[in-house]
1. Give me the percent of accessible area attributable to carbon and sulfur for the chain, probe 1.4 angstrom.
2. Where the convex hull is taken over the Cα atoms of the range 165-289, what is its projected area averaged over directions, in nm²?
3. Among Val439, Ala506, Val360, which residue has its Cα positioned farthest towards the positive end of the charge dipole of the chain, with +1 placed on the Cβ of Lys and Arg, -1 on the Cβ of Asp and Glu, and the dipole taken about the Cα centre?
4. Could you pull out the trypsin sites (Lys or Arg not before Pro) across the range 235-305 that fall in loop regions by DSSP (anything but H, G, I, E, B) with no more than 16 other Cβ atoms inside 10 Å?
5. Quote to one decimal, in nm, the extra length available between Gln377 and Tyr476 on full extension: 0.36 nm per residue of separation minus the C-alpha distance between them.
6. Could you let me know the centre-to-centre spacing of the range 76-144 and the range 200-274, using Cα atoms, in angstrom?
7. Between Thr199 and Arg265, what FRET efficiency follows from the Cβ-Cβ distance if R0 is 22 Å, with the result rounded to 0.05?
8. Only helical DSSP H runs with n ≥ 4 go in: add -39500 (n - 2.57) per run for the chain, normalise by residue count and round the 222 nm mean residue ellipticity to 500 deg cm²/dmol.
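The values are calculated or read from the model by the stated rules, or taken from the named source; none is laboratory data. As the structure is a prediction and not an experimental result, all values here were calculated from the model. Cβ atoms come from the backbone with ideal geometry, glycine included; neighbour counts cover every protein chain shown. Heavy atoms of the whole protein, side chains included, go into the accessibility calculation; ligands, DNA and RNA do not. Shrake-Rupley method; radii C 1.70, N 1.55, O 1.52, S 1.80 Å.
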Amino acid sequence: MDLSRYIITQDASELVAEKRLTIVFGSAEVAPFSKTGGLADVAASLPTALAQRGHNVVVFTPLYGHLDPHQMRMSRRLKPLEVPRQAKTQDKVEATLWETRLSHGVQVCFVQADDYFGREGLYGYDDQSFEDNADRFSFFGRAIVEFTRRHALPVDVMHCNDWHTGLAPVYASHYYADEFADITTMLTIHNLAYQGKFTPDDFQFTGLPKSFADTSKVFDANGDLNFLKSGIQYADRITTVSPGYADEIQTAERGEALHELLSERSGDLEGITNGADYNVWSPDVDRHIEVQYDVESLNGKRRNKADLQHRMGLPIRPTLPMVGVISRLTEQKGIDVLIPTVRTLLSDVKSDRDGFQLVVLGEGNKEYRDQLQQLQQDFPNRVAFHHGHSEPLAHRIQAGADILAVPSRYEPCGLTQIYAMRYGTVPVVHATGGLADTVSDLRDDPDTGTGFVFNELTEDAFAGALERACAAYRNYRRWRPLMVRAMNRDFSWDESARRYESLYMAGIRDEMAAE
Ligand code: ADP
């Protein structure tokens, strides 16, 4: 793993915020060390943006089996972290802590507990979740709390992310209410559909006293042990990753059976749009791509397109629109709509010059995998599918494609369309959640539009938007300004990091007022 471009050892930045805060950021994945989706990107880029504002930030994350601390030259803390479990498996665990740094002095601390994390895979293997996830992530939740309590500097904020960290606010409030009186606990929901639901039997792994088992505190209406619900109940503040999604999750349709609880907590719930780390996702600095380019050197994008066509075994066709998809292969991502839509459109192609080429990079559901392989076989000059996780290929698609398709059924924020714009790759998106918040349609806003948006997730509507995009592509006098506008849209973290900071500060003021 080439970490050189991520790890720039630098002292903490000069303080631009009102107060230098110490923030522990707990996340089950952190790019570039471990990643299944956007959470990993956010867990690296938001802490970096906060550190740039002068805060002390430490990201706390598991040391998974694929990470070798020696090879990655991590330093080992002399003192292990003692994590009480009182759980069925063990009473306490002594975990080794390893450290490295991201840019701007962000510390990343890896907790090594091989029984839980020393294996291939983050949450499961080959479509199958690990059976002991309740045990593994109860441990992780408790470890975040123990780490926060024992941190060398007094911690102001314990910022948790997604269900994997959902029990941390519960442990903090139940076992250490006094110590945490001055610490704001925050939970960010990156995707409400993943709640960490387990059977009542799994409660034994949480180590929580029986009194919890008799109430609805950590169980949901279905009687499942529910990590995310627990976090939502116990965290001081809750955020999610776009304002649109913050509204959607309070409705029965998108609330995944937690909308009532979320509505009850709406005073503490805020949507803050994710930003992009342009040190990693920008064509002028991207080291994965064939040729770097910017708005002034758009020819470079053509060379990346030829390189992508070549690598993916597609005919090199400079003028044929190239559509890219970089996605987990799940129902959420609308892959079930993508496949028949593309099939119909490509079946209708009359000449070599019509239609488009499609490159898909994705990992996930076997059914979609098989269907994409079939699509590739049926249209070998038009469709290329790469199954698996490949960071370099994700960058090459962003640089080489003309259009990025994101037909998600729902999308909390979505990062791929944000990255695409920076690469002059025009997004075609379903109007939902963060996609609707970040892309504006060319037809609605001819002078400011940055992409193509369709309102209903149907094959017809998606096909219509793809056809509009391909038609626009064929008119370079129209296409170029669209690319340039998309490239100039700024989604850097600064404004969003400032909003997180305001929430942290509001939490601190609330605590002071309560004293
Ligand atoms: P989600 O978090 O729901 O998966 P996002 O759009 O927020 O969706 O983030 C997806 C992130 O994961 C992006 O950085 C994207 O490049 C990356 N990604 C998705 N699938 C793959 C893959 N198969 N290989 C490499 N990167 C991928």
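1. Percent of accessible area from carbon and sulfur atoms in the chain: 45.
2. Numbers: hull surface 41.9 nm².
Value for the range 165-289: 10.5 nm².
3. The residue sitting farthest along the positive end of the dipole is Val360.
4. Values: sites: Arg237, Arg254, Arg265, Arg287, Lys301, Arg302, Arg303, Lys305; in loops: Arg254, Arg265, Arg287.
Those that pass, being in a loop and sparsely packed, are Arg265, Arg287.
5. Values: separation 99, 0.36 × 99 = 35.64 nm, distance 3.12 nm.
Roughly 32.5 nm would be gained on extension.
6. Measuring centre to centre over Cα atoms gives 23 Å.
7. Working: r = 26 Å, r/R0 = 1.18.
For R0 = 22 Å, the calculated efficiency reads 0.25.
8. Values: 17 runs with 180 residues, N = 515.
That comes out to -10500 deg cm²/dmol.
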